[in-house]
Amino acid sequence: MLYLTLIVCFAVSILITPLIKKFAFMVGATDRPNQRKVHQKIMPRLGGLAIFISFMIGIILLRPESPFSWSILLGSLLIIITGFCDDIFELPAKYKLLGQLAAACVVVFIGDLQMVFINLPFGGQLQFGFLSIPFTILWIVGITNAINLIDGLDGLAAGVSSIALITISGMAIIQGNFYVVAVGLIVLASTLGFLIYNFHPAKIFMGDTGALFLGFIISVLSLLGFKNVTFISFVIPVIILGVPISDTIFAIIRRIINKQPLSAPDKSHLHHCMLRMGYSHRQTVLLIYAMAAFFGLVAVIYSQAKIGGALVLIGIVVLLIEIIAEKIGLMGQNNRPLLNIVRTLNKNRS
């Protein structure tokens, strides 16, 4: 039944995306080019609506059971409404944040999904206590926005999200978590059907409707798959989502350094930097896909490693991220502390 459901979701997404495209033009949900955006013509948004409709059909057909099902569906509906309104009316950032908080609160308070504790690698537990609720809400809202921030090139957010969903679903298969497997693969099939129209040159954008929904569902699935477990497992979803998380962190650092509001838009995200380096639109997207796949592979290796090896692996990955970020200018062209130290050491040796 799962395989049939996935085929139906994929097919429905392919069939209804052209209809959503026409609907987007009818209601004025379009994205106009400007100096901060890469596309050169008016593009329809709301593509995420096709992903959500396909997802809901898959849920109705398969009916995966979990105590969290209804809260996740209600939270997803709130996220879709928020994204839908933003794609049409371009909501102020504070209203978008309120919608995300409302969706997260539904999952946390109605679904009772919370990160309560983690088992530490050398014994004992780290209890979050009263911080478990704000920590869980922060995770959901943070990942939701991280996916939204990388939605800057044709097929980028859809592809990176698909890779994350493959990894999360694969890990859930190993753990025997059928609910996460089912929901993850349903979203994956729905997203891949849409990606046919969204890959460069895109015929439609997913808009905030899609980016917020994918970010929300990925954040929740990662909590369901890895909550209340060991420190090693706790880090796994962070690794899986390495591309959007690192891009978001460097965006925050960049704006703090430049004394800008955290919500201020700019053209220094990962994909912008790679385009400036001379990569084509398609090359940039494929390279970032490769980065996302690399993080997924690291997450799988990390999950099987012993404590010492896992910590060494994390150290290497963090160092690699910092070097790449400084090389391509994610923190700005003049903020390269690690590379500056290396240059200074080389000068002293010579």
Note to self: Report every pair of residues separated by at least 6 positions or lying on different chains whose Cβ atoms are under 6 Å apart, first residue within the range 42-61 and more than 20 Å from residue 154 (Cβ to Cβ), second surrounded by fewer than 24 Cβ atoms within 10 Å (Cβ to Cβ) and not hydrophobic (A, V, I, L, M, F, W, C).
What the structure shows: 58/5; 61/5
Next item on the list: Give the residue, chosen from 146, 102, 182, that is in contact with a Pro (Cβ under 9 Å, 6 or more places away or on another chain), modelled with pLDDT of 95 or more and either closer than 24 Å to residue 49 by Cβ or surrounded by 21 or more Cβ atoms within 10 Å (Cβ to Cβ) (or both).
Entry: 182
Checklist line | Residue match in the range 130-153 (condition: touching a residue at least 24 places away in the same chain (Cβ under 8 Å) and in contact with a His (Cβ under 6 Å, 6 or more places away or on another chain)) | finding: yes
Checklist line | When residues of the range 255-264 are limited to those that are open to solvent by 80 Å² or more (accessible area, probe 1.4 Å) and hydrophobic (A, V, I, L, M, F, W, C), the one farthest from residue 285 (Cα to Cα) | finding: 256
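Take the conditions part of a helix (DSSP H, G or I), open to solvent by less than 50 Å² (accessible area, probe 1.4 Å), modelled with pLDDT under 90 and in contact with a helix residue (DSSP H, G or I) (Cβ under 7 Å, 6 or more places away or on another chain) and apply them to residue 339. Does it pass?
Yes, satisfied.
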Check: Before we move on, is residue 80 surrounded by fewer than 16 Cβ atoms within 10 Å (Cβ to Cβ) and β-branched (Val, Ile, Thr)?
Finding: no
Margin query: If residue 267 meets every condition in (1) surrounded by 14 or more Cβ atoms within 10 Å (Cβ to Cβ); (2) outside any loop (DSSP other than H, G, I, E, B); (3) charged (D, E, K, R) apart from one, which number is that one?
Written below: (2)
Next item on the list: State whether the residues of the range 237-251 include one that is hydrophobic (A, V, I, L, M, F, W, C) and exposed (fewer than 13 other Cβ atoms within 10 Å of the Cβ).
Entry: no
Margin query: Looking only at the range 270-291, filter to residues that are hydroxyl-bearing (Ser, Thr, Tyr) and closer than 12 Å to residue 155 by Cα; which one of those is surrounded by the most Cβ atoms within 10 Å (Cβ to Cβ)?
Written below: 284
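Matching residues to (1) open to solvent by 40 Å² or more (accessible area, probe 1.4 Å); (2) more than 23 Å from residue 262 (Cα to Cα):
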residue: 19; (1), (2): yes, yes
residue: 23; (1), (2): yes, yes
residue: 42; (1), (2): yes, yes
residue: 50; (1), (2): no, yes
residue: 54; (1), (2): no, yes
residue: 72; (1), (2): no, yes
residue: 93; (1), (2): yes, no
residue: 98; (1), (2): yes, no
Next item on the list: Kindly indicate whether any position in the range 207-219 is outside any loop (DSSP other than H, G, I, E, B), open to solvent by 10 Å² or more (accessible area, probe 1.4 Å) and touching a residue at least 60 places away in the same chain (Cβ under 8 Å).
Entry: yes
Note to self: Out of everything in the range 309-322 that is modelled with pLDDT of 80 or more and open to solvent by less than 60 Å² (accessible area, probe 1.4 Å), what residue ends up being farthest from residue 272 (Cα to Cα)?
What the structure shows: 309
Checklist line | Conditions (1) open to solvent by less than 30 Å² (accessible area, probe 1.4 Å); (2) without any contact (Cβ under 8 Å) to a residue 12 or more places away in the chain: number failed by residue 89 | finding: (1)
Notebook entry, point to check: Filter the range 1-32 for residues that are part of a loop (DSSP other than H, G, I, E, B) and either of a type in the set (D, E, K, R) or over 24 Å from the mean Cα position of the chain (by Cα) (or both); which is modelled with the lowest pLDDT?
Noted result: 32
Notebook entry, point to check: Of these, 184, 152, which one is on the phi < 0 side of the Ramachandran plot and assigned to a helix (DSSP H, G or I)?
Noted result: 184
Checklist line | Long-range neighbours under 8 Å by Cβ, at least six apart or interchain, first residue free of Cβ contacts under 8 Å to residues at least 40 places away in the same chain within the range 319-331, second surrounded by fewer than 19 Cβ atoms within 10 Å (Cβ to Cβ) and hydrophobic (A, V, I, L, M, F, W, C) | finding: 322/338; 323/338; 323/339; 326/338; 326/339; 327/339
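The values are calculated or read from the model by the stated rules, or taken from the named source; none is laboratory data. Being a predicted model, the structure only gives us computed values, none of them experimental. Cβ atoms come from the backbone with ideal geometry, glycine included; neighbour counts cover every protein chain shown. Ligands, DNA and RNA are excluded from the accessible area calculation, which covers all protein heavy atoms including side chains. Shrake-Rupley method; radii C 1.70, N 1.55, O 1.52, S 1.80 Å.
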